[in-house]
Amino acid sequence: MKSQPMKSQPTTTKPSRRNFLKQSTAVAAGVGIATNIVQPSIAQTAHAGGSDQIKFVVVGCGGRGSGAANNIMNTKGNVKMVAVADAFQGNADRMVSGLARKHGEKVAVSPEQTFSGLDAYKKAIDVDCDLVVIATPPGFKPQQFEYAVEKGKHIFSEKPVATDAPGVRRFLAAVEESKRKNLMVGIGLQRRHEPQYIETVKRIHDGAIGDVIAQRVYWNGGGIWYRNRQENQSEMAFQCNNWYHFNWVCGDQIVEQHIHNLDVGCWVKGAYPVECNGMGGREQRVGGDPTKSQIFDHTFCEYTFADGTKMFSQGRHLKGAWTEVSEFAHGSKGTANPAGMIDGENAWAFSGKKLGGHQQEQHDLIEALMRGEIYNEGEYGAHSTFCAILGREACYSGKVLKWDELFEKGRDLAPGIDEYTIDSPVPPSATPDADGKYPIPVPGEYNPFA
């Protein structure tokens, strides 16, 4: 796949509102919907209600799953959560009870519709519903997204959408099918729904800082949680419970968190990079113990776009070090912070109401559904995920990697993932040795294509 210039906003389509939600079932059976292409408007603050109820299910009951469900129930739409699924029964039960206390009748999830296990997503998606929220660790998202599309459901998927090149290719193939079925696809890159970002990026695209020459993007924080091994816990259960620490299921910090900043940089540029080189390693991650985690705690990347311009990336989890989560663009006529500030001959600062993206993206999604409109963010969700994967593999290998080659030939971190159960062997990429040490990438030795 060639790295192509990108559109800053997704395409929006509008079928007849009256039968819009009912048509989801029809498309699952292969019935097309007549649509008209209209210009997108996904950053509105006037929230449209309606009499049609949107029934949704949540796959993945951790922090982002419960957060997205809470955000959906805070909209003015007529919404009801009707089923949940998680790898672990306790997570599912806690989310249902917590949201029921807060939202009352908007939570209508019986014990029979509270599912657990690595295949539980199918049971939840099969429930009579209109919208599927996918908030599982990213390694599991491609097959879950594919299944939701197959069943003709509208989808909100958290980012990132995969952890390796085969997963991104699979996700993109399902995105194409979702377009044929006219399904809503929202992606949790919430900065694209924040008015301060939308207005600033528009001004950059209109030439406010001239030609974008270079960019700097950061996600430098202090660390992440770790969950100790439990008695009689299988290795698969341990890794799924500690998903952030294993590449096949999380993708490393550059993929799981830093994707937000990389996505903004590519949005500003209106393109994705053609190559990357990088460096990184482990200094503090759970005390540097290779029996507990396999991911890096710092990365630095130099991305190159087709026109030769650069994007420099820092991502890390190091306690006591400089923290920064932001993006900056340098142009021929000035500089910009895409979160709302332009300096130079066209100096400007955003003066409107700044809105939190996690809530706003759900306002936008639910309002669109209630109006009978859809938009599809799947492509840029997948491409921004792959941008982060390209950076990770460049850091792991210590080599200059080309976008197209890695996209076509990048390694599969979890072969046969569709058949995994909570008691299955973990994939070879995360299998510990006789001393319990996990494979840790060594720059200069790691092969991104093996």
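The values are calculated or read from the model by the stated rules, or taken from the named source; none is laboratory data. A quick note: this is a predicted structure, and the numbers were derived from the prediction, not measured. Positions of Cβ are backbone-derived with ideal geometry, glycine not excepted, and every protein chain shown enters the neighbour counts. Remember, those area values only see protein heavy atoms, side chains included, never the ligands or the DNA or RNA. Shrake-Rupley method; radii C 1.70, N 1.55, O 1.52, S 1.80 Å.
For segment 173-190, residues that are buried (at least 20 other Cβ atoms within 10 Å of the Cβ) and either of a type outside the set (S, T, Y) or within 21 Å of N261 (Cα to Cα) (or both) total 12. Number of residues in segment 414-443 that are among the polar types (S, T, N, Q), assigned to a loop (DSSP other than H, G, I, E, B) and closer than 15 Å to F246 by Cα equals 1. Taking the criterion of being surrounded by 16 or more Cβ atoms within 10 Å (Cβ to Cβ) and not aliphatic (A, V, I, L, M), the residues of segment 344-355 that qualify are G344, N346, W348, F350.
For residues that are open to solvent by 20 Å² or more (accessible area, probe 1.4 Å), assigned to a loop (DSSP other than H, G, I, E, B) and in contact with a Gly (Cβ under 9 Å, 6 or more places away or on another chain), tally how many sit in segment 230-262. Residues in segment 230-262 being open to solvent by 20 Å² or more (accessible area, probe 1.4 Å), assigned to a loop (DSSP other than H, G, I, E, B) and in contact with a Gly (Cβ under 9 Å, 6 or more places away or on another chain): 1 in total.
Checking Y446, Y396 one by one, the residue that is of a type in the set (S, T, Y), at pLDDT 95 or above, surrounded by 12 or more Cβ atoms within 10 Å (Cβ to Cβ) and in a loop (DSSP other than H, G, I, E, B) is Y446 and no other. Selection within segment 283-304: residues that are aromatic (F, W, Y) and part of a strand (DSSP E or B). The member of this set that is surrounded by the fewest Cβ atoms within 10 Å (Cβ to Cβ) is F300. Within segment 44-54, identify whether any single residue is surrounded by 17 or more Cβ atoms within 10 Å (Cβ to Cβ) and at pLDDT 95 or above, and answer yes or no. Yes.
Against the test of being surrounded by 24 or more Cβ atoms within 10 Å (Cβ to Cβ), under 18 Å from G378 (Cβ atoms) and touching an Asp or Glu at 6+ places or on another chain (Cβ under 6 Å), the options V149, V161 yield a single qualifying residue, V149.
None of R170, R216, R227 is within 17 Å of the chain's Cα centre (by Cα), modelled with pLDDT of 95 or more and open to solvent by 10 Å² or more (accessible area, probe 1.4 Å) except R170. When each of G280, G308, G265, G315 is tested for being more than 19 Å from G63 (Cα to Cα), modelled with pLDDT of 95 or more, open to solvent by less than 10 Å² (accessible area, probe 1.4 Å) and not in a helix (DSSP H, G or I), the lone residue that passes is G315.
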